[in-house]
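Novice: Just passing along the structure, written as structure tokens.
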Number of protein chains: 2
Amino acid sequence: MSKAPRLTRGVVSKLTGCNLETIRYYEQIGLMPPPPRSEGGHRLYDDNLLRRLNFIRRCRELGFSLEEVRGLLTLVDGGTYTRGEVKDRTVAHLRSVRSKIVDLKVLEKTLKEMVSKCVGDEVPDCPVIDALFRNDDRALSRSRPRSPIQGS
Amino acid sequence: MSKAPRLTRGVVSKLTGCNLETIRYYEQIGLMPPPPRSEGGHRLYDDNLLRRLNFIRRCRELGFSLEEVRGLLTLVDGGTYTRGEVKDRTVAHLRSVRSKIVDLKVLEKTLKEMVSKCVGDEVPDCPVIDALFRNDDRALSRSRPRSPIQGS
DNA sequence: CTTGAACCTGTAGGTACTACAGAGCGTAGG
DNA sequence: CCTACGCTCTGTAGTACCTACAGGTTCAAG
């Protein structure tokens with residue numbers, strides 16, 4: 001029998017890549033529920049909480065603000081929303097997710113081209129991104145998320 | 001003949017969706033070069049600067065930290081890097097871009113399923129994201145960007 | 001030439017972490 | 001059982017990245 005490792009804050013931090021202190025912060029602001037504690041008061045997480053934290057962390061890395069993440073989590077948690085509200089919010093999130101995918105694919109394409117050009121002898125002092133991300137249609141309809149991810 | 005609109009800070013702000021003050025901030029920290037000024041000292045941008053700001057803004061929305069954006073811009077600006085450095089950095093960026101795309105696609109799929117379930121009568125108080133983003137292979141190799149986008 | 005919107009600078013405030021100090025818990029080794 | 005050392009606890013201060021405001025100047029429409 002493999003013994004299950006105690007999911008303490010430090011372990012969870014390593015497993016998720018989330019900074020140790022940030023875990024406590026997310027609990028403070030109510031993104032993570034307060035976990036059960038040991039006799040002596042140490043936090044003890046479980047798989048559900050681990051997945052939740054993973055979800056939060058990845059959303060942050062994808063440029064969603066804490067409030068947006070909260071919104072997504074509330075959808076999942078089954079909050080006090082009506083059918084219509086849930087659907088509207090989900091559709092809105094879906095739109096912004098798709099917009100991000102589009103932008104990332106453009107960036108991917110550009111970087112890929114840069115790499116292939118770098119095979120040659122010279123740094124192709126490329127004005128590539130100049131051609132990129134011109135100011136297109138979406139200018140006035142952009143979603144403007146607020147989100148930092150400070151790193152360790 | 002269509003008259004070209006003067007690209008003042010306010011106009012640029014509206015065109016890019018970037019907060020008025022943030023434009024000045026990016027100039028302060030050297031992400032945007034100081035633009036030419038009018039007689040009276042007002043900033044006057046051009047298409048290049050507009051594209052650059054657009055690029056920065058979108059990168060931020062995609063969860064890249066300011067330092068990562070700076071890195072990307074330096075590649076483009078043709079900095080003082082050697083061939084090898086340029087390539088290594090580009091490949092690294094490419095990897096993180098692809099990782100983001102993967103995550104976003106998972107999220108897209110989940111949200112899509114939620115929407116389709118919302119057609120019915122009930123809010124399907126879905127534990128969907130529970131199954132999502134489990135703690136997979138990448139746990140220890142994650143890139144941990146720092147990035148906020150505060151909103152308007 | 002007036003007048004109000006847009007811009008200027010400097011500075012203070014806000015969000016989202018991140019690090020530190022000083023004390024307590026927990027467990028492996030003796 | 002006891003010690004020792006690492007991990008965790010709390011509160012608080014500091015950092016990164018904006019965002020808003022105050023008090024004054026410029027610009028352009030009328």
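The values are calculated or read from the model by the stated rules, or taken from the named source; none is laboratory data. The structure displayed is predicted, hence computed values, not measured ones. FYI the Cβ positions are ideal-geometry reconstructions off the backbone, even for glycines, and counts take in every protein chain you see. Surface areas here come from the heavy atoms of the whole protein model, side chains and all, with no ligands, DNA or RNA. Shrake-Rupley method; radii C 1.70, N 1.55, O 1.52, S 1.80 Å.
Novice: Just to confirm the numbers: B:ASP47, label point 7 angstrom along the Cα-Cβ line, distances to the other copies in nm, shortest first?
Specialist: 5.7
Novice: Output ³J(HN,Hα) for the range B:45-51: one whole-Hz value per residue in order, computed from phi by the Karplus curve 6.51 cos²θ - 1.76 cosθ + 1.60 with θ = phi - 60°, and x for Gly and Pro.
Specialist: After applying 6.51 cos²θ - 1.76 cosθ + 1.60, I find 8, 10, 4, 4, 5, 4, 5 Hz.
Novice: I've got another one for you. Apply the Karplus parameterisation 6.51 cos²θ - 1.76 cosθ + 1.60, with θ equal to phi minus 60°, to every residue of the range A:101-107 and state each ³J(HN,Hα) to the nearest whole Hz, in sequence, with x for glycine and proline.
Specialist: 4, 4, 4, 5, 5, 4, 4
Novice: How large is the accessible surface per residue of the range B:1-64, computed with a 1.4 Å probe and reported in Å² as a whole number?
Specialist: Spelled out: the 1.4 Å probe surface of the range B:1-64, per residue, equals 53 Å².
Novice: With Cβ to Cβ distances under 11 Å as the rule, what net charge do the other residues near A:LEU44 carry (K, R +1; D, E -1)?
Specialist: +2
Novice: While we're on this one: Please compute the length gained on full extension between B:LYS117 and B:LEU44, using 0.36 nm multiplied by the number of residues separating them and subtracting their Cα-Cα distance.
Specialist: Here the answer is 21.2 nm.
Novice: Let me ask you something else. Between B:ARG37 and B:ALA4, take the C-beta separation as r, use R0 = 25 Å, and let me know the FRET efficiency to the nearest 0.05.
Specialist: Approximately 0.90, to the nearest 0.05.
Novice: Once the label point is set 7 Å along the Cα-to-beta-carbon vector, what list of distances in nm do you get between A:PRO5 and its counterparts in the other copies?
Specialist: The answer, with the shortest distance listed first, is 5.5 nm.
Novice: Right, next: Taking a point 7 Å out from Cα toward Cβ as the label site, list the nm distances between A:GLU21 and the same residue in every other copy, smallest first.
Specialist: Result for A:GLU21, in nm, nearest copy first: 2.4.
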